[in-house]
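A quick write-up on the structure given underneath.
Each value in this text was obtained by applying a stated rule to the coordinates, not by laboratory testing. What you are looking at is a predicted structure, and each value in this text was computed from that prediction instead of being measured. Positions of Cβ are generated from backbone atoms using ideal geometry, with glycine treated the same way; all protein chains shown enter the neighbour counts.
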């Protein structure tokens, strides 16, 4: 089985201001992901002929532009998943009831727009715990795609939070348990603790965020944006051989400083890369994986395929 799933976290611009401890934007740039990035992503995926999975923050659906965009993505054949209601980076530090409300309210918001509840979940900041897995099982999710067993990302995130603090600002981002680095890099049935392989009774499939074979380098949109097309091809070749290539993007991966994000660009270096170069890197990666025989599917379909195989 050789599957590739491309997903997009629709974190709006204020989420990045929260990461970097910056004042919230007060102009139209606050909605750049839905007004600019989503149309670009939809056009790119149509041109490439691939279905994608978009993880939606529930509260964003209060805005007509977000509801319209989500409906358009659904009609185009893309999957819509749950990315919590308010994208709290400290989700796993909340009590069980508050954690459940964050998950359930986002599903309710999506159901109100689409007429059905999502089956997939991704946690803010990729941070997940046994308690959160329990909530997902209670809420009837079929899969999670939050585990990111990447030493380079873990180290960079830890350092970035420390630097932000040293500069007198406070980041809302948090660091996951280092035990995540022991998690499997290919799809598995989670158990307690969540990074262990489970018995066949597990109800949820875990689809880890992509890391390369060997060094477990991050295979995500930010990395591709910074590497550019040629080096992104090299990185994609290091993914060949994984049964699932899980390429995770953000809306920011098709935005740049020209989209009114000048205040964020000094802190978010990938915004200095032109959208055209970012799109070229994504096209290069899709080309490499297609040549290697990968079939592009939604995460929902990937989860169904791996769940069947794991329980067979």
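Just the number, please: percent antiparallel of the DSSP beta bridges in the stretch 3-311, rounded to the nearest 5. Of those bridges, close to 10 percent are antiparallel. Using a cutoff of 8 angstrom between alpha carbon atoms and counting only pairs six or more residues apart, the relative contact order for the stretch 137-237 works out to 33 percent.
Considering only 295, 138, 248, the Gaussian network model of the chain with Cα springs below 10 Å gives its largest mean-square fluctuation to 138.
When the chain is treated as a Gaussian network with alpha carbon springs shorter than 10 Å, the biggest mean-square fluctuation among 242, 167, 272 belongs to 167. Compared with the direct C-alpha span, the chain from residue 177 to residue 47 gains 42.9 nm at full extension, assuming 0.36 nm per residue.
Structural descriptor for the chain: relative contact order 25 percent, calculated from alpha carbon pairs under 8 angstrom and at least 6 residues apart.
Between 153, 34, 143, the GNM of the chain built on Cα springs shorter than 10 angstrom shows 153 fluctuating the most. Averaging Cα coordinates gives a centre for the stretch 231-277 and one for the stretch 153-221; these two points are 19 Å apart.
Test of understanding: ordering 12, 62 by Cβ neighbours within 10 Å, fewest first, what list do you get? Don't skip to the end; give the middle numbers.
Values: 12 23, 62 9.
Going from sparsest to densest Cβ surroundings: 62, 12.
Ellipticity at 222 nm from helices only: DSSP H runs of n ≥ 4 in the chain, each -39500 (n - 2.57), divided by the residue count, give -12500 deg cm²/dmol.
Once both labels are positioned 7 Å from their Cα atoms along Cα-to-Cβ, the gap between residue 301 and residue 28 label points is 3.6 nm. Note on the chain: the alpha carbon radius of gyration divided by the globular reference 2.2 N^0.38 Å gives 0.92. Put simply, the Cα atoms of the stretch 96-250 extend 44, 41, 33 Å along their principal axes, the longest span coming first.
In this simple spin-label approximation, residue 65 and residue 96 carry label points 7 Å from Cα along the Cα→Cβ vector, and these lie 4.1 nm apart.
Taking other C-beta atoms within 10 angstrom as a stand-in for reagent exposure, 10, 44 fall in the order 44, 10, fewest first. With a Förster radius of 25 Å applied to the beta-carbon distance between residue 238 and residue 203, the computed FRET efficiency rounds to 0.20. Entry note, the stretch 60-180: relative contact order of 24 percent, from Cα contacts under 8 Å with a spacing of 6+ residues.
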